[in-house]
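Contents: one structure, followed by commentary.
The values are calculated or read from the model by the stated rules, or taken from the named source; none is laboratory data. Please read these numbers as outputs of a predicted model, since none were measured by experiment. Neighbour counts are summed over all protein chains in view; Cβ atoms, including those assigned to glycine, are modelled from backbone coordinates with ideal geometry. Note: areas computed on protein heavy atoms with side chains; ligands, DNA, RNA excluded. Shrake-Rupley method; radii C 1.70, N 1.55, O 1.52, S 1.80 Å.
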Amino acid sequence: MKYLFYILIPLIISCQNRAETKQEDSKKNKNLIYFNSHFMADLGDDEWYKLQPKMDSPIKAQYLDDVIYVTKYIDVNACGTYVGDIEIKNDTIYLIHRLVSDEICATTSINKVIYIIKNPNQKKYKMIIRYE
């Protein structure tokens, strides 16, 4: 019986995390096809110094038929877990980068974020990144 407890607890926690992920996914804007926040370098690494100028560059949006492919290098909490979303208002798309973990630390890292967005009307938008 004691061993059953050790098997069931991780299973229950895993199922709860999947349910939270599905709830988070259901809240996302229907026009967001894909999001990824990919670690590139930790603060102080040689690579961090090479990538730092890219964080100051504008958001890169490529319009490919009825899809917008957006990339940006950003500064994030190195221990955080993030999800992406978008909000479309008039001629602006707000690229939302939301911290979803309770775990944070005192260091930062550079991540490359990618948003792929449906654009059936092939409209040009102004892009603004928003941290939540």
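Note on the range 100-127: residues that are within 29 Å of Lys50 (Cα to Cα), in contact (Cβ under 8 Å) with a residue 40 or more places away in the chain and not aromatic (Phe, Trp, Tyr) total 12. The condition of being basic (Lys, Arg), within 18 Å of Ile33 (Cβ to Cβ), exposed (fewer than 15 other Cβ atoms within 10 Å of the Cβ) and modelled with pLDDT of 95 or more holds for only one of Lys112, Lys123, that being Lys123.
Please verify whether Ser37 is open to solvent by less than 40 Å² (accessible area, probe 1.4 Å), without any contact (Cβ under 8 Å) to a residue 24 or more places away in the chain and either under 14 Å from the mean Cα position of the chain (by Cα) or closer than 14 Å to Ile117 by Cα (or both), treating the condition exactly as stated. No: the conditions fail for Ser37. Among the residues of the range 61-73, is any in contact with a Ser or Thr (Cβ under 6 Å, 6 or more places away or on another chain) and open to solvent by 90 Å² or more (accessible area, probe 1.4 Å)? Taking every residue of the range 61-73 in turn, none turns out to be in contact with a Ser or Thr (Cβ under 6 Å, 6 or more places away or on another chain) and open to solvent by 90 Å² or more (accessible area, probe 1.4 Å).
Quick one: is Ile117 surrounded by 15 or more Cβ atoms within 10 Å (Cβ to Cβ) and farther than 30 Å from Asp46 by Cβ? Here the answer is yes, as Ile117 does meet what is asked. Within the option set Asp91, Asp102, being at pLDDT below 95 and open to solvent by 30 Å² or more (accessible area, probe 1.4 Å) holds for one residue only, Asp102.
Note on the range 42-132: enclosed strands (runs of 3 or more DSSP E) holding 3 or more residues that are within 16 Å of the chain's Cα centre (by Cα) are 67-77, 82-89, 92-99, 108-118, 126-131. Close contacts from the range 69-81, counting a first residue that is at positive phi and a second that is of a type in the set (A, V, I, L, M, F, W, C) and open to solvent by 40 Å² or more (accessible area, probe 1.4 Å), with Cβ to Cβ under 7 Å and a gap of 6+ residues or different chains, come to none at all.
Among the criteria (1) closer than 26 Å to Ala106 by Cβ; (2) surrounded by 11 or more Cβ atoms within 10 Å (Cβ to Cβ); (3) at pLDDT below 95, the one Pro53 does not fulfil is (2). Taking the range 85-129 as the range and being among the hydrophobic types (A, V, I, L, M, F, W, C) and farther than 14 Å from Val70 by Cβ as the test, the residues that pass are Leu99, Val100, Ile104, Cys105, Ala106, Ile110.
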